[in-house]
Amino acid sequence: MFDEWFSHNMSLAESLSIAGIFCGGALVFIIFKFFISRLIVRKLIGCASCHSDDINKKTRVYNKIALIAGLLTALILTNYLPYVPTAVMKVMVPVNTSLLIATVAWFILNFLDTVYSNYSLRARTSNLSIKGYMQLAKIVVFSSSLVLIVASLADKSPFIILSSLGAAAAIILFLFQHTLISLVANLQVSSSNAIRLGDWVEIPHLNIDGIVTDLALHTTTVQNWDNTVSSVPTKTFITEHFTNWQPMFSSGGRRIKRSIFIDQQSLRFVDKEIAASLNTLSNLTTLDFFEFDETKVLISNLTIFREFVTNYLKSRPDIRQDMTIMVRQGAPCSEGLPVEIYCFTSKVSWIEHETIQAEIVEFLIPITHYFFLRIYQKPSGEDVASVLTANN
């Protein structure tokens with residue numbers, strides 16, 4: 001093709017036609033770059049007074065639009081100007097077409113980057129990530145433009161190129177298996193809202209426990225609570241077990257599940273001694289936490305304690321009253337009889353939740369003294385030393 005072009009003796013008219021193609025394309029490029037491109041950008045963003053020059057500094061969009069216009073003009077002139085040699089046309093048409101396709105693809109890829117950047121800035125309060133969709137769109141644009149360029153240079157139909165790739169489908173699937181798996185996983189994760197940006201996720205067997213900071217096509221980035229960063233394949237959230245704590249934040253209630261172990265030997269029926277102690281406790285409080293009836297018989301001090309703790313939790317404004325509030329016994333064990341507190345705080349942040357939980361436990365442990373209940377704890381070295389000293 002090129003040999004035919006260079007060996008062709010062009011006439012003056014043919015030379016002028018070829019010069020007209022290059023000059024026309026160059027002239028349109030200059031006009032668009034310095035005048036029309038600015039108007040197009042302002043029209044696209046819907047603002048006549050916007051600083052489109054700032055956008056151009058970041059994306060060089062003026063050059064891309066001007067280059068597309070110049071190549072398109074050269075392509076049109078090549079096909080419609082008279083006296084253009086056939087040999088020249090056979091070279092310039094596929095080359096111009098390929099360059100035009102590449103420039104349009106380049107423009108679209110930059111446009112997708114701009115869309116993602118603007119979305120990220122405007123949707124900071126939204127946890128929906130579109131990064132995976134943007135990466136998928138880039139793959140589609142790149143693949144499509146590559147097929148069209150090859151078809152243009154080979155002067156073949158794109159469908160013929162695609163059908164020839166079908167013979168190599170097995171190799172393509174093998175080479176891009178991880179990308180395809182990640183693509184399916186990302187679509188499933190995004191569509192089902194299994195995880196979103198800002199979610200607190202936990203994968204114990206991978207030592208991952210933190211906030212999702214990036215949700216891409218292939219990998220998901222998690223910033224752990226110890227300020228380390230972990231990157232895992234997005235497909236992990238489809239194939240592996242994980243815990244997403246974000247619904248807890250959305251519900252507005254964070255669970256307290258804490259047990260106090262009671263020495264079982266301190267359990268006894270309420271008598272006058274315990275009743276007097278409970279009346280003293282009632283005088284020390286501003287709320288009526290319990291009602292004690294001396295006519296009741298065979299009621300244990302632990303029963304009164306559980307009623308007291310239940311009413312105490314119901315009196316706290318930082319405990320969700322519309323959620324489960326329960327004080328129950330666990331199975332007796334060698335550490336004693338566990339009395340479990342089960343409720344939900346109205347504050348879901350970690351620090352506030354831990355503060356409320358600590359206040360409850362720190363209040364209840366010394367209160368057990370008024371019920372003649374003892375908290376069980378394993379003997380320490382000091383306890384052993386005290387016993388040995390007393391025996392001596």
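Values quoted throughout were computed directly from the atomic coordinates according to the rules given, and no laboratory measurement underlies them. The structure presented is a predicted model; accordingly, all values stated were derived computationally and were not measured. For neighbour counting, all protein chains shown are included, and Cβ atoms are generated from backbone atoms with ideal geometry for every residue, glycine included.
Worth pointing out:
- Pairs from Lys64/Lys156; Lys272/Lys314; Lys314/Lys378; Lys64/Lys90 whose Cα-Cα separation, in the structure shown, is over 29 Å: Lys314/Lys378
- Three-way shape call for the stretch 298-350 based on the alpha-carbon gyration tensor, with the a/c threshold at 1.5: oblate
- Net charge contributed by nearby residues that have their C-beta within less than 12 Å of Val327 (K/R +1, D/E -1): +3
- Going by neighbour counts of Cβ atoms within 10 Å, the residues Thr103, Thr236, Thr355, Thr324 line up, fewest first, as Thr324, Thr355, Thr236, Thr103.
- Exposure proxy ranking, count of Cβ atoms within 10 Å, fewest first, for Glu273, Glu335: Glu273, Glu335
- When Leu67, Leu12, Leu39, Leu109 are arranged by Cβ crowding within 10 Å, least crowded first, meaning fewest neighbours, the order is Leu12, Leu39, Leu109, Leu67.
- Distance (nanometres) between label positions extended 7 Å along Cα→Cβ at Ser157 and Ser143: 2.1
- Extension gain (nm, one decimal) between Gln264 and Phe249, 0.36 nm per residue minus Cα-Cα: 1.7 nm
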